[in-house]
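The values are calculated or read from the model by the stated rules, or taken from the named source; none is laboratory data. Keep in mind that what you see is a predicted model, and the values were worked out from it rather than measured. Backbone-built Cβ (ideal geometry, glycine too); neighbour counts: all protein chains shown. We work out accessible area using only protein heavy atoms, side chains counted, and drop any ligands, DNA or RNA first. Shrake-Rupley method; radii C 1.70, N 1.55, O 1.52, S 1.80 Å.
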Amino acid sequence: MNLMIVSTLPANDPQAQKAVRFLTSKVDCSRVFYTEEMKISPCLGCNACWLKTPGKCALHDDYEQILKGCLQYDAVVLLSGTSFGFIHSAMKNVIDRLLPLATMYICVQDGQIRHVPRYQKDYRFILLYSGKGDEEYLKYWMERFTLNFYGKSLGVFPLEKCEETLQCI
Amino acid sequence: MHLTIISGAARPQSRSNTARIIEAFSEGIHAGGHTTEVWYLSDRRQWGQARSAFEKNENILFALPLYVENIPGLMLEFLEGLSPKEKPGTKMAFLIQGGFPEASQSRCCERFLKTLPQQLNCAHAGTLIRGNMFGVRLLGKKLGGRLVQPFTDMGRLFAEYGEFRPEIVSGFAGPEYLPEKQLRQMGGMGNYIQRWSMRIVARRLGCREKLDAKPYHEVSPVQRKQ
């Protein structure tokens with residue numbers, strides 16, 4: 001098992017540090033991204049990644065490393081703060097920028113319309129959150145978000161219970 | 001009523017579907033002699049005024065495109081900068097527009113938005129949902145105008161009731177899921193037609209690549225340690 005960890009929490013956050021140390025010690029190979037040290041702009045919704053430069057975002061910032069990582073690693077662990085019970089905007093910006101993983105083409109999946117995936121990859125995501133998250137809602141949203149990329153949510157956990165993620169990966 | 005409308009769309013106003021919808025919706029509001037002010041979060045220079053308008057006014061509408069099952073990250077960032085209102089009495093309503101036709105696509109976002117006003121010491125004044133909005137700008141002024149025209153009626157009704165009434169919202173949202181027959185039609189010939197028409201749109205936008213190109217296919221999976 002190898003993991004990509006994307007943290008929108010500060011690199012010196014003690015809880016995040018503990019979680020990163022724990023997770024990286026339990027897998028064969030891992031890579032950690034701290035978005036605080038990267039430039040990831042919000043998605044503009046320009047559709048260039050679908051209709052102008054298929055698969056590539058029009059914004060040339062550090063998003064590409066994360067997008068490639070989604071294709072390279074077995075699972076992606078998202079470490080996020082929370083806002084209004086949901087993930088923090090910094091993490092939502094990361095997720096919004098994953099749109100190039102889907103194509104403009106549409107198909108029907110389980111009775112709903114979906115975009116056809118661009119790559120043959122079983123994406124697997126885990127969310128670890130700090131602060132006051134609405135866990136029930138976060139689980140629901142993770143299920144829905146991963147559905148859009150034909151992926152799977154492996155679970156949602158408060159950061160202090162990061163040990164529990166091992167049951168899923 | 002004076003309504004503060006805040007567009008949560010990240011696309012610049014001149015190319016934004018949400019902006020076109022806001023225009024149509026505002027027409028309906030104005031028809032009853034009511035007034036509006038609109039702020040666009042795509043322009044960060046407007047954030048300060050949008051924040052003041054939120055603090056000052058009691059009728060707030062956020063209009064937004066659906067982004068990965070929730071609000072755009074940009075709008076969430078703006079909301080994080082707001083403080084809960086000191087006095088109760090402010091009503092927050094929402095308008096979600098999405099590309100897919102089914103109302104069910106927006107339910108996850110709707111559920112989040114239902115919890116939001118309370119966290120800012122406001123009351124929830126309903127959420128209006130509408131799908132099939134992808135082509136508003138792409139289809140040009142005339143055809144795109146037809147897509148947004150129904151929002152004028154919604155604006156008129158919103159001004160009349162001061163909120164989005166559930167019975168009006170449910171009728172406006174369209175089908176929760178598409179009927180079996182329609183889904184079947186999307187396969188075979190329907191699939192061919194949608195791919196062909198999207199390729200035409202892409203060509204018009206200057207795209208010379210395949211729409212299902214895989215620019216990162218050379219990225220190889222990380223090897224496990226031996």
Of the residues in segment A:12-28, those that are surrounded by 13 or more Cβ atoms within 10 Å (Cβ to Cβ) and farther than 17 Å from A:Asp74 by Cα come to A:Asp13, A:Gln15, A:Ala16, A:Gln17, A:Lys18, A:Ala19, A:Phe22
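Could you tell me which residue of segment B:89-103 is least open to solvent (accessible area, probe 1.4 Å), considering only residues that are assigned to a loop (DSSP other than H, G, I, E, B) and more than 11 Å from chain A (Cβ to nearest Cβ)?
Of the residues in segment B:89-103, the ones assigned to a loop (DSSP other than H, G, I, E, B) are B:89-90, B:98-102.
From what's left, more than 11 Å from chain A (Cβ to nearest Cβ): B:89-90.
On the way: B:Gly89: 51, B:Thr90: 5 Å².
The residue in question is B:Thr90.
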The strands (runs of 3 or more DSSP E) lying entirely within segment B:1-75 that contain at least 1 residues which are closer than 13 Å to B:Gln97 by Cβ are B:2-7, B:59-65
Mind checking which helices (runs of 4 or more DSSP H) fall wholly inside segment B:141-226 and carry at least 3 residues that are more than 10 Å from every other protein chain (Cβ to nearest Cβ) and out of contact with any helix residue (DSSP H, G or I) (no Cβ under 6 Å at 6 or more places or on another chain)? B:150-161, B:166-172, B:189-204
Could you identify the single residue in B:Glu27, B:Glu37 that is over 22 Å from A:Lys92 (Cβ atoms) and open to solvent by 50 Å² or more (accessible area, probe 1.4 Å)? B:Glu27
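Quick test for you: out of A:Gly111, A:Gly81, A:Gly45, pick the one residue that is free of Cβ contacts under 8 Å to residues at least 12 places away in the same chain and touching a Leu at 6+ places or on another chain (Cβ under 8 Å). If you could, list the steps in order and put the result at the bottom.
Details: A:Gly81 fails: free of Cβ contacts under 8 Å to residues at least 12 places away in the same chain; A:Gly45 fails: touching a Leu at 6+ places or on another chain (Cβ under 8 Å).
Checking each option against the conditions leaves just A:Gly111.
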Quick one: what pairs do we get from segment B:85-100, first residue within 20 Å of B:Ser26 (Cβ to Cβ), second in a loop (DSSP other than H, G, I, E, B) and open to solvent by 10 Å² or more (accessible area, probe 1.4 Å), C-beta under 6 Å, 6+ apart or different chains? B:Thr90/B:Glu58; B:Thr90/B:Cys122; B:Met92/B:Cys122; B:Ala93/B:Phe164; B:Ile96/B:Leu66
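If a residue has to be closer than 26 Å to A:Phe84 by Cα and open to solvent by less than 20 Å² (accessible area, probe 1.4 Å) to count, how many in segment B:123-148 make the cut? Write out each step before concluding.
Kept after step one, since they are closer than 26 Å to A:Phe84 by Cα, are these residues of segment B:123-148: B:123-131.
In the following step, the residues that additionally are open to solvent by less than 20 Å² (accessible area, probe 1.4 Å) were identified as B:125-129, B:131.
Count: 6.
Given the residues B:Glu86, B:Glu110, which is the only one that is open to solvent by 40 Å² or more (accessible area, probe 1.4 Å) and within 30 Å of B:Leu183 (Cβ to Cβ)?
Numbers: B:Glu86 fails: within 30 Å of B:Leu183 (Cβ to Cβ).
Answer to the selection: B:Glu110.
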Strands (runs of 3 or more DSSP E) within segment A:68-154 that include 3 or more residues open to solvent by less than 30 Å² (accessible area, probe 1.4 Å) and over 25 Å from A:Ser30 (Cβ atoms): A:102-109, A:112-117
Residue hits (segment B:110-123; within 9 Å of chain A (Cβ to nearest Cβ), in a helix (DSSP H, G or I) and either aliphatic (A, V, I, L, M) or touching a strand residue (DSSP E or B) at 6+ places or on another chain (Cβ under 7 Å) (or both)) are B:Phe112, B:Leu116
Among the residues of segment A:84-92, are any among the polar types (S, T, N, Q), facing another protein chain (nearest Cβ under 10 Å) and touching a helix residue (DSSP H, G or I) at 6+ places or on another chain (Cβ under 6 Å)? yes
Taking segment B:40-79 as the search range and keeping residues that are charged (D, E, K, R) and either touching a residue at least 12 places away in the same chain (Cβ under 8 Å) or over 16 Å from B:Ala10 (Cα atoms) (or both), which one is least open to solvent (accessible area, probe 1.4 Å)? B:Glu69
